[in-house]
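Colleague: Supplied in structure tokens, the structure appears directly below.
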Amino acid sequence: MIPGRVLVIVPAMNEEESLPVTLDELRRKAPGVAVLVVDDGSRDATTDVARARGVPVVRHAVNLGVGAALQTGFRWALAHGFDVAVQLDADGQHDPAFLDALVEPVLAGRCDVSIGSRFVSRSAYRAPAARRFGMVLFSAVVRLTAGVRITDTTSGFRAYDRAVMEVGQHDFPKDFPDAPLLIDLARRGFRLCEVAVEMRPREAGRSFYTLGKSLYYPYKNLLASLMVLVKRAG
């Protein structure tokens, strides 16, 4: 990884328990990498935890959703001259040991968005049955509508190049930037690729995907995917 060109964006909401471990692991496994925490309306000490470790924080006054947190991170990255932004969860699910592999195809110009996938090779990750169904469903939706095969459409471990950030800072799904985003980017002509990674279960904190949002998620994604097709067709 080239220092100064890559920014790791960590969207966080009420992650005071898990964030210290995540930031310490980033420092240990990716020394020198630039990191930004976007505190999406936390009501705990998330911001204080990040600042105590010398990590810059941009804070939303209210919770806006993971997509909005990424938009904020994109704007910060562009303003500070970064070429690639990596989305990395605050809850410890994403292993920074895979950062170089994730960023390499973007820096090399082989793709515009690199997605860390649990399924392009053998992995120890085992999703619950309901989530596995959703992953298969949205993988099929992306393939049928955008003509690109993505095995892990729900992965939040991604690297975006500067051109994608330029578009994303203005036009980006606010709550669930998964299948609809991939469809939109592919239909805009951006190149997507997958990199094999290992992921771990959440250890602490509160997911952006609460019970209510998890129930709402598949319906929203299907509707949003259809709306992307309608918008681009028009």
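The values are calculated or read from the model by the stated rules, or taken from the named source; none is laboratory data. Owing to the predicted nature of the structure, the values given are computational and were not obtained by experimental measurement. Note that each Cβ is placed from the backbone with ideal geometry, even for glycine, and that neighbours are counted across all protein chains shown.
Colleague: Do we find a residue being at positive phi and not acidic (Asp, Glu) anywhere in segment 58-67?
Modeller: Looking for residues that are at positive phi and not acidic (Asp, Glu), one finds at least one in segment 58-67, hence yes.
Colleague: Go through the residues of segment 77-93 one by one and say whether even a single one is closer than 12 Å to LEU7 by Cβ, among the polar types (S, T, N, Q), touching a Lys or Arg at 6+ places or on another chain (Cβ under 8 Å) and touching a residue at least 40 places away in the same chain (Cβ under 8 Å).
Modeller: yes
Colleague: Within the group GLN87, GLN71, GLN93, which residue is under 13 Å from the mean Cα position of the chain (by Cα), polar (S, T, N, Q) and farther than 20 Å from GLU198 by Cα?
Modeller: Values: GLN87 fails: farther than 20 Å from GLU198 by Cα; GLN93 fails: farther than 20 Å from GLU198 by Cα.
Residue meeting the stated conditions: GLN71.
Colleague: In addition: List the number of the failed condition for VAL33; all other conditions in (1) β-branched (Val, Ile, Thr); (2) in contact with a Gly (Cβ under 6 Å, 6 or more places away or on another chain); (3) touching a residue at least 60 places away in the same chain (Cβ under 8 Å) hold.
Modeller: (2)
Colleague: Also, quick follow-up: Of all the helices (runs of 4 or more DSSP H) wholly in segment 103-206, which have at least 1 residues that are at pLDDT below 75, among the hydroxyl-bearing types (Ser, Thr, Tyr) and over 27 Å from GLY92 (Cβ atoms)?
Modeller: The helices (runs of 4 or more DSSP H) meeting that bar are 129-146.
Colleague: What about LEU88, is it farther than 20 Å from LEU181 by Cα, touching a Pro at 6+ places or on another chain (Cβ under 8 Å) and not acidic (Asp, Glu)?
Modeller: Spelling it out, it is not the case that LEU88 is farther than 20 Å from LEU181 by Cα, touching a Pro at 6+ places or on another chain (Cβ under 8 Å) and not acidic (Asp, Glu).
Colleague: Given the conditions (1) crowded, with 24+ Cβ neighbours inside 10 Å; (2) within 30 Å of GLY189 (Cα to Cα), which single one is not true for CYS111?
Modeller: Failing condition for CYS111: (1).
Colleague: So which strands (runs of 3 or more DSSP E) are wholly in segment 7-97 and hold at least 2 residues that are surrounded by fewer than 22 Cβ atoms within 10 Å (Cβ to Cβ)?
Modeller: Strands (runs of 3 or more DSSP E) meeting the threshold: 34-40, 57-60.
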